[in-house]
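First up is the structure itself, then whatever we jot down about it.
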Amino acid sequence: MKINDIPAVSFILAIVEVSPWPSLMTTPTKPVSQLKPGSLRIFSLLCGVWMLSLSLHAADVVLDSSQTFQTIVGWGHGGGILGFTAWPTAMLDPSVADPVSYQYLDYLIDDTGLTGSRTWEVGPRVDGTGMDHGDCDAIDWNLFQSDTFSAADAKYLLYFQNRIIAEGYQPSFYSSPSYPSHATGVRPWVMNHPGERAQQIWASALYLKKTYGININYAVIYNEPSIPFTILADDAKALGPRFAAQGLSTRVQYAEAVAPQTDWNYITPVLNDADLWPWVGRISYHTYGTADPYRTYLRDFAKSKGLTTAQTEMGNPTFDDLYSDLTLGGVSYWEVAYSGNATLTPNPGLTSFTPAAHYFRLRQLLHYVRPGAVRISALSNDPAIHVLAFTANGATTTVIENTAASVQTVTLNGLPPGVYGLSQSAGKPFQELGLHTVGANGSLILNNVPGGSNVATLYPYSGPNHPPTIEVWGSNPGYLVAPASTTTLSVTACDPELDPLTYQWSVTSQPAGANATIAAPTAVNSAVSGLTVAGNYVFNVDVHDGVNTSSKKVYLIVYATTPPPILGQTGFRIGAPYGLVFGPPSGTTHANIELPTSSAILQVGISDIANSNFNGRGQWSVVSQPAGAHVTLGNTIYIYVSIRAQVSGMTVPGDYVFQVNVTNPGHPDLTAQVICTVNPASSGPVISSATCSPAILTLPASTIQLSAVTNDPAGQLLRHWWAVKSAPAGAHPVFEHQGLATTIVSNLVLPGTYTFTLRAFDDIHMTAKDVTLTVNSGPGVR
């Protein structure tokens, strides 16, 4: 190919040929080598400009609202919204904890755009016992442990729900196992008894709905399961009808596995299980392993079943992760992981929070794209430009990530005419870039889009003038201990219309006798002095754009002495078939185990407002043990904001009492006790007989009775579960009461051999026995 054949070069040559300078005139048909010297210089200059334009990576993006994908249900919080509020509630006076927590929830809703959250199951008992007397469908509400959901947690979750509803959206909550659930999760009477696991889940949802009016939309059976798929599927099939029987609209969230590949492994064996999928509400996955191509498999399978997909946990997600989940996973719901480290980080003092590294990039999408928005086609001719576009009420929001290292020019095509706002973030607080008008041609050129995964959002704008956005605010330090008496207030804000901003700091309240003085009340940063009296201080900042005012509160506590640490949940980590047995530090957590289990990990949670390291400040000890026992207590360590020690050698039945002491300089040690009762080994339940009446059925008769005689030599509570082990293809037996020793089975309308299995459970054992039924064709039927 000759250089003249390159379109851009031909264009440059044409410019050279029509240059107004006579000395540069030449015929277009001459090769470059025959250009006059002056023409050659101009040609070289224009080629340089052309090459520079290529280095700027001008990109064209075509939006097509006729090609639609998923509808957004909302954005959520994978660590539970109460992750932040729990510590202020435990460590601060309610007069500070409440307004701080409400401001945190407001920020999640208004700024991040969250409308959903994981919630924890309520009701399962921390002592590892059940909520019934052997019948999984007859709960004893006196055994339901409602205090596992504190009044403060209920208040904040209800506030979060009502604020979302007030904005015109429906909240989306899903339940997941918590510490009390983990006390029984691996015991056979829960793991292999679908009715008992179902009871824990539906009872929690029913309690929240009836007590607080909180609707649990979806329920996770096990978080990141590592169990046979049959258990997960059987639990879902038991749970679905029980939700319906209790008048709940809750659906199963399946499979909630650790990675998309794992999720797919749980789905492939049950792809055609007609009894499972009517009870599943959406396909969910976490992202801690192999994601692709399995995200796409999950998306396409969900679509074939009329279901949506959801990404419900990933530590420290980036915008690229969000982009991939939306495009490859087709998610309608996406969660931003944990407030403590990946979205909003509590500051020392627990009275404020700071957006983490990825927060503002994620905000560029989550804030502007609201529930009900539909993702549409957005094709870029440059793979370095990632584009997502959404329509809602006839308006289009476009989110652009420039993954290249260099600045780029991006031309958007297919936009509805109108006025748009433009904002962008490269990881720091976002910038507003003013208003832009799109004409009838539907195109807009965005110049100088920064690289390095900068994310820009073009969003529909409608008047009147919008108020400023306060992005970050707080004090440094976040708390004071006398004699310290100064701090610095700061605020970062921007304005959609780029109006000039003015700032006004003021003292809202302070302890009697204090004289808080703001050195520069109209600056974005100002020192404050005169904080000489212990107590609570509240400052206010007004940010004004000439039309509107936005305000935030800064809370600061001055302590007379260093505030003490706070002990969290106390208890045991015990190997299967037990689990996690934890209770509040205000009580004495009591675990019950049975030989040959004889070891556990002792644990107490701990924290303080300074986020201290407690290495060397805690010590577990043995308070008492049965006569003749000689336990071994390992070294006490501080790990994962908890103080732990391994105990072994609990081989003599009886009560073992342990205590943790945490040094608190200048004050008595903080202490907590836990008890582990070791019981002698037991042999498990006995099934004396299991029968089917009649044992041979002739159609059109279609009902039988299954019954069993069972007992437990140790006198422990017995539970029962009948299951279909095998049946003719297409058969769907219906149990009247699957969780009792005696039950009626109907709908036995297909001839053939049926095998039913009875499972009988005590605390840690399961015994099973099969019963066989023969169904014969009726007279005259071949």
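The values are calculated or read from the model by the stated rules, or taken from the named source; none is laboratory data. Here the structure is a predicted model, which is why all the values come from computation and not from measurement. Methodologically, a virtual Cβ is constructed for each residue, glycine included, from the backbone with ideal geometry; neighbour enumeration extends over all protein chains shown. Surface areas here come from the heavy atoms of the whole protein model, side chains and all, with no ligands, DNA or RNA. Shrake-Rupley method; radii C 1.70, N 1.55, O 1.52, S 1.80 Å.
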The stretch 495-522 residues near the modelled Thr486 label - backbone nitrogen below 14 Å, point 7 Å along Cα→Cβ: 517-520
Cα pair distances in the stretch 612-705, grouped into 10 Å bins until the bin that holds the longest one, percent each: 13, 28, 18, 11, 8, 11, 9, 2, 0
Principal axis dimensions, the stretch 399-445 - Cα atoms, whole angstrom, descending: 33, 20, 13
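Can you work out the accessible area per residue across the stretch 725-774, with the rest of the protein chains kept in place, probe 1.4 Å, in square angstrom? Show your work: numbers first, answer last.
Details: 2170 Å² over 50 residues.
Accessible area per residue: 43 Å².
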A convex hull over the alpha carbons of the stretch 656-748 yields, per residue, a volume in Å³ of 178 Å³
Distance between Cα centroids, the stretch 733-782 to the stretch 77-99: provide it in whole Å. 50 Å
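Counting only protein heavy atoms, what percent of the accessible surface of the stretch 80-130 is carbon or sulfur at a 1.4 Å probe?
Using a 1.4 Å probe with all protein chains present, the stretch 80-130 comes out at 58 percent carbon and sulfur.
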Contour minus end-to-end for Asn664 and Thr677, with contour as 0.36 nm per residue of separation and end-to-end as the Cα-Cα distance? 1.7 nm
Net length gained if the chain between Val657 and Ala576 were fully extended (0.36 nm per residue, minus Cα distance): 27.0 nm
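Give me Rg/Rg_expected for the stretch 241-314, where Rg uses Cα atoms only and Rg_expected = 2.2 N^0.38 Å with N residues.
Values: Rg = 12.5 Å, N = 74, 2.2 N^0.38 = 11.3 Å.
Against the empirical 2.2 N^0.38 Å value, I get 1.10 for the stretch 241-314.
Quick check on the chain: of the DSSP beta bridges with both residues there, what percent are antiparallel, nearest 5%?
Once the DSSP bridges in the chain are tallied, antiparallel ones form about 75 percent.
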Using a 1.4 Å probe on the protein heavy atoms, what percent of the accessible area of the stretch 534-664 belongs to carbon and sulfur? 53 percent
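So what's the projected area for the stretch 449-606, the Cα convex hull averaged over all directions, in nm²?
Numbers: hull surface 68.5 nm².
Quarter of the Cα hull surface area: 17.1 nm².
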Just the accessible area for Thr129, please: 1.4 Å probe, Å², rounded to the nearest 10? 70 Å²
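Which pairs, out of Lys209/Lys305; Lys210/Lys552; Lys155/Lys553; Lys237/Lys725; Lys428/Lys553; Lys210/Lys303, put more than 24 Å between their alpha-carbon atoms?
On the way: Lys209/Lys305 28 Å; Lys210/Lys552 35 Å; Lys155/Lys553 21 Å; Lys237/Lys725 15 Å; Lys428/Lys553 22 Å; Lys210/Lys303 33 Å.
Those over the limit are Lys209/Lys305; Lys210/Lys552; Lys210/Lys303.
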Per residue, how much accessible surface does the stretch 636-685 expose to a 1.4 Å probe? Answer in Å², no decimals. 44 Å²
Share of Cα-Cα pairs in the stretch 531-596 beyond 14 Å, whole percent, is 75 percent
Over the alpha-carbon set of the chain, divide Rg by the Kirkwood Rh and report the Rg/Rh ratio to two decimals. 1.07
On the accessible surface of the stretch 134-200, probed at 1.4 Å with all protein chains in place, carbon and sulfur together account for a percent value of 52 percent
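For the stretch 157-221, with every protein chain kept in place, what is the accessible area per residue (1.4 Å probe, Å²)?
Heavy-atom SASA per residue in the stretch 157-221 reads 28 Å².
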Please report, in whole Å³, the volume per residue of the convex hull around the C-alpha atoms of the stretch 400-538. 129 Å³
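What order do Thr437, Thr345 take when sorted by accessible area (1.4 Å probe), most exposed first?
Sorted by accessible area, descending: Thr437, Thr345.
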Say each of Asn747 and Ala701 gets a label point 7 Å from the Cα, pointing the same way as Cα to Cβ; how far apart are those two points in nm? 2.1 nm
Considering only the stretch 86-244, what is the antiparallel percent among its DSSP beta bridges, to the nearest 5? 20 percent
Accessible surface, 1.4 Å probe, highest first, among residues Trp120, Trp277, Trp264: Trp120, Trp264, Trp277
For the stretch 53-138, what is one quarter of the convex hull surface built on the Cα atoms, given in nm²? 13.7 nm²
Using a basic spin-label model with each label point 7 Å from the Cα along Cα→Cβ, how many nm lie between Asn540 and Asn515? 2.4 nm
Enter the Cα centre distance for the pair the stretch 288-304 and the stretch 152-212, rounded to the nearest angstrom. 26 Å
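Would you please report the Å³ per residue occupied by the convex hull of the alpha carbon atoms in the stretch 247-383?
On the way: hull volume 20.9 nm³, N = 137.
In the stretch 247-383, the Cα convex hull volume per residue is 153 Å³.
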Determine the distance separating the Cα centre of the stretch 401-425 from the Cα centre of the stretch 340-383; give it in Å without decimals. 18 Å
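So which trypsin sites (Lys or Arg not before Pro) in the stretch 284-387 are both in a DSSP loop and have at most 16 other Cβ atoms within 10 Å of their Cβ?
Lys305
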In nm, give the distance between the simple-model label positions of His436 and Asn711, each being 7 Å from the Cα along the Cα-to-Cβ direction. 8.2 nm
In a shell of Cβ-Cβ distance under 11 Å around Glu313, excluding Glu313 itself, what net charge do Lys and Arg (+1) and Asp and Glu (-1) give? -2
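Do you know the relative contact order of the chain, to the nearest whole percent, from alpha carbon pairs under 8 angstrom that are 6+ apart?
Working: 1840 pairs, mean separation 77.9, N = 782.
RCO, the chain: 10 percent.
Ordering Thr309, Thr774 from largest to smallest accessible area (1.4 angstrom probe), what's the sequence? Walk me through the intermediate numbers first.
Details: Thr309 5, Thr774 50 Å².
From most accessible down to least: Thr774, Thr309.
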